[in-house]
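Before any comments, here is the structure.
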Amino acid sequence: MHAMTESENPLLAQWNGPYGIAPFARVRAEHFEPALERVMAEHRAEIDAIASDPAEPSFDNTIAALDRAGRSLARVESLLSNLVSAETSPELQAVDRRVQPVLAAHHQAMRTHAAVFARIDAVHARRTELGLDGESLRLVERLHLDFVRTGARLDDASRARLAQIAEQKATLSTQFEQNVLADESSYALVLSGEDELAGLPAFLRDAARTAASERGHEGKWAITLSRSLIVPFLTYSERRDLRETVFRAWVSRGESGGATDNRAIARTLLALRAEQARLHGYANYAAFALVDRMAQRPENVTELLRKVWGPARARAVQERDALREEARTLGYEHEIEPWDWRFFAERVRQRRYQLDEVELKAYFSLDAMIAAMFDCAQRLFGLRFERREDIVAYHPDVRVYEVFARDGAAVGLFLSDNFARPSKMGGAWMSEYQLQSRSAGETLPIIANHNNFAKGAPTLLSLDDAKTLFHEFGHGLHGLLSNVRYRRLSGTNVLQDFVELPSQIFEHWIEQPSVLREHARHYQTDEPIPDALIERVQRARRFNQGFETVEYTACALLDLALHTRGDADGVDITEFEREELARIEMPKEIVLRHRLPHFGHLFSGDGYAAGYYVYLWAEVLDADGFDAFVEAGDIFDRAVADRLLRYVYSAGNTLEPGAAYRAFRGRDPAVEPLLDKRGLRS
């Protein structure tokens with residue numbers, strides 16, 4: 001194949017769209033490999049130029065130069081990553097499988113470049129003598145640590161082995177993610193008649209009919225493995241046999257025994273991580289990973305999880321007993337199984353709180369909730385979102401918004417991608433096409449939010465769906481509001497157990513009565529949600545929190561237990577899962593939120609490995625942090641919001657996270673607000 005020219009390959013040409021957005025309509029899978037080859041070569045040349053600079057190492061010619069390097073590579077790499085997750089194809093997946101080990105090897109080589117590290121080390125040794133401002137000093141320390149943790153200080157043999165490990169992990173993680181997507185996109189429970197639809201409300205029938213039509217089953221209904229279809233089906237379907245069928249398919253993703261089985265992949269990944277940790281001098285991967293997190297040590301994570309696990313499990317047992325009683329009252333004699341929990345929990349909730357999810361959903365249309373989150377961002381931070389229908393994204397469902405600050409200045413672009421489709425990874429996430437920075441000229445952020453709501457006419461959300469929308473938008477705001485000089489410190493490039501604070505604290509606003517009164521309006525009549533219904537929502541907030549907390553916390557406990565092992569040959573994850581759940585006395589009626597064979601947080605990359613606990617860690621911060629607004633007497637208090645903006649949303653990684661939180665809150669966080677929020681304090 002001849003080398004593509006810039007006119008033939010849009011990835012190699014200048015991206016002239018607004019804010020430098022990718023030319024999505026022109027990009028094809030075959031463009032990526034030649035483009036990546038070119039931009040990796042450019043990056044190597046930039047790194048070699050820094051290494052061979054005859055001048056004495058300085059902050060500008062070494063540290064700042066490293067931060068400026070690799071921008072073309074980052075642009076193409078982020079585009080590939082985003083498309084593979086949000087709008088993939090067999091051709092794109094094949095490219096991804098080929099290039100990920102190559103990219104891993106490239107980044108490993110750049111981060112262990114001996115001559116470059118010698119220069120970084122020299123600047124780092126004199127960092128307190130250079131008169132650097134706080135942000136520049138933070139950049140020196142973060143880049144130095146990046147290189148050390150990649151293996152720059154190790155001997156040649158260890159560095160070579162780490163390079164091999166990085167390539168192997170990239171290959172395996174890519175395959176793990178593609179296997180889960182294959183299992184999710186290939187499954188559908190097709191429903192043909194009223195008997196199979198028994199109990200399903202109109203909103204779910206509508207979404208299931210759309211899903212069936214998208215898969216070629218006109219005139220029928222389909223329940224896919226998208227959470228936005230699975231959860232309501234398990235909640236409402238009166239067909240217990242079908243609930244069991246779809247539940248078993250849902251929890252067995254990645255465990256088919258066929259080509260998409262992930263168990264051997266996970267075992268090898270665990271062995272590679274254990275070896276990586278040993279090469280760095282740590283007993284296990286958790287000890288290695290946690291050094292660069294707020295928690296610092298596995299023991300600190302264990303302490304938090306234990307504080308929550310005991311009360312959560314006790315509450316879940318009480319909830320199970322209530323479900324058993326409800327089942328008997330309704331004439332059911334069978335024991336409560338995992339595919340029964342949501343069905344009977346909904347009936348208990350309706351009886352105790354007169355709260356019907358169908359009634360509630362009518363007030364939570366997707367468009368109204370998007371307007372609500374934009375309004376909250378405006379009232380807190382002065383942001384304004386304007387739809388740009390002229391900007392073409394990667395799928396017709398994606399809405400593009402231009403974002404402006406209170407003074408009218410441009411902030412960046414926001415891409416809102418909300419619907420499930422077969423070409424899209426499950427779950428919900430935020431991603432960055434372009435990071436904000438000022439070190440090489442003003443670069444404004446391009447941020448995307450991805451959800452997997454079942455498309456309807458209109459799309460109606462549950463309250464949990466609305467919280468997910470707000471959660472991901474909190475991440476989005478973290479990227480959009482970044483106001484730093486250096487790319488390495490920009491946006492969400494913070495310690496892993498701090499990154500969930502901006503997302504989780506933003507969830508609080510959708511539960512506030514004043515926000516609900518203004519934005520939760522009936523999709524047919526436009527009438528505001530009645531105060532009586534808001535009151536019932538508030539009273540029911542802690543309902544089923546034992547279940548919710550157990551299914552999450554058990555995942556965090558398993559993750560930590562997996563990564564505190566040092567097995568050189570990995571571990572059988574199915575057997576480990578069974579034994580560990582027995583050890584912590586997991587209620588048999590509750591299944592892990594993410595079983596290990598499809599646990600993408602742990603195995604589709606290293607980001608959350610030994611780190612799934614971070615949501616709970618951040619929840620300590622968000623529960624305590626939102627109390628600052630409560631104490632001020634105004635959920636949009638300007639002074640509190642300005643501190644939240646300055647020290648959390650816009651600071652990126654320019655501040656140590658503990659110091660950032662104290663600057664916002666005026667003190668260290670307390671754990672009691674978290675226990676109160678979940679109703680777990682006796």
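Among the conditions (1) over 30 Å from residue 336 (Cα atoms); (2) touching a residue at least 60 places away in the same chain (Cβ under 8 Å); (3) surrounded by fewer than 19 Cβ atoms within 10 Å (Cβ to Cβ), residue 240 misses just one, which is (1). Of all residues in the range 385-405, exactly one satisfies the criterion of being over 25 Å from residue 27 (Cβ atoms) and either assigned by TED's automatic domain parsing to the domain that holds residue 80 or in a loop (DSSP other than H, G, I, E, B) (or both), namely 405. Here is the figure for the range 128-145: residues that are surrounded by 16 or more Cβ atoms within 10 Å (Cβ to Cβ) and of a type in the set (D, E, K, R) total 3. Taken as a whole, the range 126-146 holds at least one residue that is assigned to a helix (DSSP H, G or I) and hydroxyl-bearing (Ser, Thr, Tyr). Could you tell me whether residue 527 is surrounded by fewer than 23 Cβ atoms within 10 Å (Cβ to Cβ) and within 25 Å of residue 600 (Cα to Cα)? In short, no. Only a single criterion out of (1) part of a helix (DSSP H, G or I); (2) surrounded by 14 or more Cβ atoms within 10 Å (Cβ to Cβ) is not satisfied by residue 115, namely (2).
Restricted to helices (runs of 4 or more DSSP H) entirely inside the range 491-586, those with at least 2 residues that are closer than 24 Å to residue 461 by Cβ and either more than 26 Å from the chain's Cα centre (by Cα) or not small (Gly, Ala, Ser) (or both) are 501-507, 513-519, 531-539, 545-563. Filtered by the rule that a residue be free of Cβ contacts under 8 Å to residues at least 24 places away in the same chain and not in a helix (DSSP H, G or I), the range 336-350 gives no residues.
Taking the residues in the range 244-279 that are basic (Lys, Arg) and either at pLDDT below 95 or touching an Asp or Glu at 6+ places or on another chain (Cβ under 7 Å) (or both) as candidates, determine which candidate is farthest from residue 167 (Cα to Cα). Across the range 244-279, the extreme among qualifying residues is 253.
The one condition from (1) part of a loop (DSSP other than H, G, I, E, B); (2) assigned by TED's automatic domain parsing to the domain that holds residue 557 that residue 655 does not meet is (2).
Residues in the range 613-671 that are surrounded by 23 or more Cβ atoms within 10 Å (Cβ to Cβ) and at positive phi: 652 only.
How many of the residues in the range 293-323 are in contact with an Asp or Glu (Cβ under 9 Å, 6 or more places away or on another chain) and assigned to a loop (DSSP other than H, G, I, E, B)? Of the residues in that region, 3 qualify. Are any of the residues in the range 163-170 of a type in the set (Lys, Arg), in contact with a Leu (Cβ under 9 Å, 6 or more places away or on another chain) and not assigned by TED's automatic domain parsing to the domain that holds residue 279? Looking for residues that are of a type in the set (Lys, Arg), in contact with a Leu (Cβ under 9 Å, 6 or more places away or on another chain) and not assigned by TED's automatic domain parsing to the domain that holds residue 279, one finds at least one in the range 163-170, hence yes.
Hey, any hits in the range 278-289 for a residue that's in contact with a Ser or Thr (Cβ under 7 Å, 6 or more places away or on another chain), of a type outside the set (Phe, Trp, Tyr) and surrounded by fewer than 19 Cβ atoms within 10 Å (Cβ to Cβ)?
yes
All conditions in (1) in contact with a Leu (Cβ under 9 Å, 6 or more places away or on another chain); (2) within 18 Å of residue 51 (Cβ to Cβ) hold for residue 88, with the sole exception of (2). Any idea how many residues of the range 2-16 are farther than 17 Å from residue 38 by Cβ and modelled with pLDDT of 95 or more? Within the range 2-16, residues that are farther than 17 Å from residue 38 by Cβ and modelled with pLDDT of 95 or more number 0. Scanning the range 147-170 for residues that are outside any helix (DSSP H, G or I) and either at pLDDT below 95 or of a type outside the set (D, E, K, R) (or both) yields 151, 152, 154.
Report, by residue number, each residue of the range 406-451 that is assigned to a loop (DSSP other than H, G, I, E, B) and among the polar types (S, T, N, Q). It would help to see each step written out before you state the result.
The initial filter retains those residues of the range 406-451 that are assigned to a loop (DSSP other than H, G, I, E, B), namely 406-409, 420-428, 435-436, 438, 440, 442, 444-445.
Matches in the range 406-451: 423, 436.
Residue count for the range 188-213, restricted to those that are of a type outside the set (A, V, I, L, M) and buried (at least 16 other Cβ atoms within 10 Å of the Cβ): 6.
Conditions (1) buried (at least 17 other Cβ atoms within 10 Å of the Cβ); (2) among the small types (Gly, Ala, Ser); (3) within 26 Å of the chain's Cα centre (by Cα); (4) in the same structural domain as residue 234 (by TED's automatic domain parsing), marked per residue:
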site: 346; (1), (2), (3), (4): yes, no, no, no
site: 360; (1), (2), (3), (4): yes, no, no, no
site: 372; (1), (2), (3), (4): yes, yes, yes, no
site: 383; (1), (2), (3), (4): yes, no, yes, no
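Only a single item in (1) aliphatic (A, V, I, L, M); (2) under 24 Å from residue 414 (Cα atoms); (3) touching a residue at least 24 places away in the same chain (Cβ under 8 Å) is not met by residue 13, and it is number (3). Going through (1) within 24 Å of residue 274 (Cβ to Cβ); (2) at pLDDT below 95; (3) crowded, with 20+ Cβ neighbours inside 10 Å one by one, residue 607 falls short only on (3).
Of the set (1) in contact with a Gly (Cβ under 8 Å, 6 or more places away or on another chain); (2) surrounded by 19 or more Cβ atoms within 10 Å (Cβ to Cβ), all apply to residue 545 but (2).
Given the structure, is residue 606 within 30 Å of residue 405 (Cβ to Cβ) and touching a Lys or Arg at 6+ places or on another chain (Cβ under 9 Å)?
No; evaluated as a whole, the condition is false for this residue.
The values are calculated or read from the model by the stated rules, or taken from the named source; none is laboratory data. Given the structure is predicted, the values throughout are model-derived calculations rather than measurements. Note that we place each Cβ from the backbone using ideal geometry, even for glycine, and neighbour counts take in every protein chain shown.
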